[in-house]
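Below is one structure, written out as structure tokens, with a few remarks after it.
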């Protein structure tokens, strides 16, 4: 039975990888911030991930994109999630701040997930709700028409609701996630005095993620994974991140991502276990460098990303060999 179970999981992994090549297309710009190390914090993409790690988890991401390009994008992300209700549910909070040129955007969302468990897998359903603030640094604008209502000086920030849902399947070696953030597709108007003037629109997004773990002896594992991204903007078709991590003794990893039509991303990180016997603390620290491969490479020196996750309070699980290796 065990051999049959893992054969089914491997078949599922191969099927999911096949979907990648059926639906992938060159990457285009999207509204949400992108992270090369997204696999270390599923809450960034999927509310169903809330409470899926043992104990409580805090994740911090700092990203500077396209270094050397004036007003390049920068992103900061802070997440917290924890299981509750006898490990049948999870709750989470995600705060993200983005700056792109003159634009300023902040997301604050709470997540609630419910899990159905069996002996060999877990299925989670998640909902998220919150708000997004969107503004423009108008002090840096020089407008020829000082009465332009699109840039009314006293109304420069919009607050819009943000709702989404997700599904998440996890077994010993495989996970698959699907999520739909920004379900409401809200218009963004900075000027309340001319409500029919739409400055921008927050489009519905779609994310599909999956990974499978292959163990080689006692010390090494290889974890291929992918992320498919899309939104309903006509300018943003499907895009694909295809990643492979080599993991040594579940403590040190090296990774390579191909973001099709955009970049190659190099990753390195380490895990620190049992920092204190009282809290069963575990820390992941990682760094990623993105090397742009598109024609835009002539105008920037790549992108840098630092992440740290801190897991505490859960039962120690030294035998767990997870495709996420986040605890």
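So is residue 54 buried (at least 19 other Cβ atoms within 10 Å of the Cβ), in contact with a strand residue (DSSP E or B) (Cβ under 9 Å, 6 or more places away or on another chain) and not in a loop (DSSP other than H, G, I, E, B) or not? No: the conditions fail for residue 54.
Of all the numbered requirements in (1) at pLDDT 85 or above; (2) surrounded by fewer than 18 Cβ atoms within 10 Å (Cβ to Cβ); (3) over 30 Å from residue 186 (Cβ atoms), residue 318 misses one, and that requirement is (1).
Does residue 215 count as modelled with pLDDT of 90 or more and surrounded by fewer than 16 Cβ atoms within 10 Å (Cβ to Cβ)?
Yes; evaluated as a whole, the condition is true for this residue.
Filtering the stretch 234-248 to residues that are in a loop (DSSP other than H, G, I, E, B) and either touching a strand residue (DSSP E or B) at 6+ places or on another chain (Cβ under 8 Å) or buried (at least 17 other Cβ atoms within 10 Å of the Cβ) (or both) leaves 236, 237, 238. When only residues in the stretch 290-299 that are surrounded by fewer than 16 Cβ atoms within 10 Å (Cβ to Cβ) and in contact with a strand residue (DSSP E or B) (Cβ under 6 Å, 6 or more places away or on another chain) count, which is modelled with the highest pLDDT? Taking the candidates together, the pick is 291. Which of the residues that make up the stretch 128-155 are modelled with pLDDT of 65 or more, surrounded by 17 or more Cβ atoms within 10 Å (Cβ to Cβ) and touching a helix residue (DSSP H, G or I) at 6+ places or on another chain (Cβ under 6 Å)? Result: 128, single match.
In this structure, does residue 23 turn out to be at pLDDT below 90 and either surrounded by fewer than 16 Cβ atoms within 10 Å (Cβ to Cβ) or within 15 Å of the chain's Cα centre (by Cα) (or both)? The answer is yes for residue 23. If you check 250, 231 for being more than 22 Å from residue 175 (Cβ to Cβ) and at pLDDT below 95, only one passes: 231.
For first residues located in the stretch 193-209 and on the phi < 0 side of the Ramachandran plot and in a strand (DSSP E or B), partners that are modelled with pLDDT under 70 and exposed (fewer than 15 other Cβ atoms within 10 Å of the Cβ) and lie 6+ apart or on another chain with Cβ distances below 8 Å form the pairs 208/19.
Within the stretch 262-276, can one find any residue that is modelled with pLDDT under 80, surrounded by 14 or more Cβ atoms within 10 Å (Cβ to Cβ), touching a strand residue (DSSP E or B) at 6+ places or on another chain (Cβ under 6 Å) and part of a strand (DSSP E or B)? Checking the stretch 262-276: at least one residue is modelled with pLDDT under 80, surrounded by 14 or more Cβ atoms within 10 Å (Cβ to Cβ), touching a strand residue (DSSP E or B) at 6+ places or on another chain (Cβ under 6 Å) and part of a strand (DSSP E or B).
Does residue 80 satisfy the condition of being in contact (Cβ under 8 Å) with a residue 40 or more places away in the chain and surrounded by 15 or more Cβ atoms within 10 Å (Cβ to Cβ)? Answer is no for this residue.
The values are calculated or read from the model by the stated rules, or taken from the named source; none is laboratory data. Just so we're clear, the structure is a prediction, and the values are computed from it rather than from any experiment. Backbone-built Cβ (ideal geometry, glycine too); neighbour counts: all protein chains shown.
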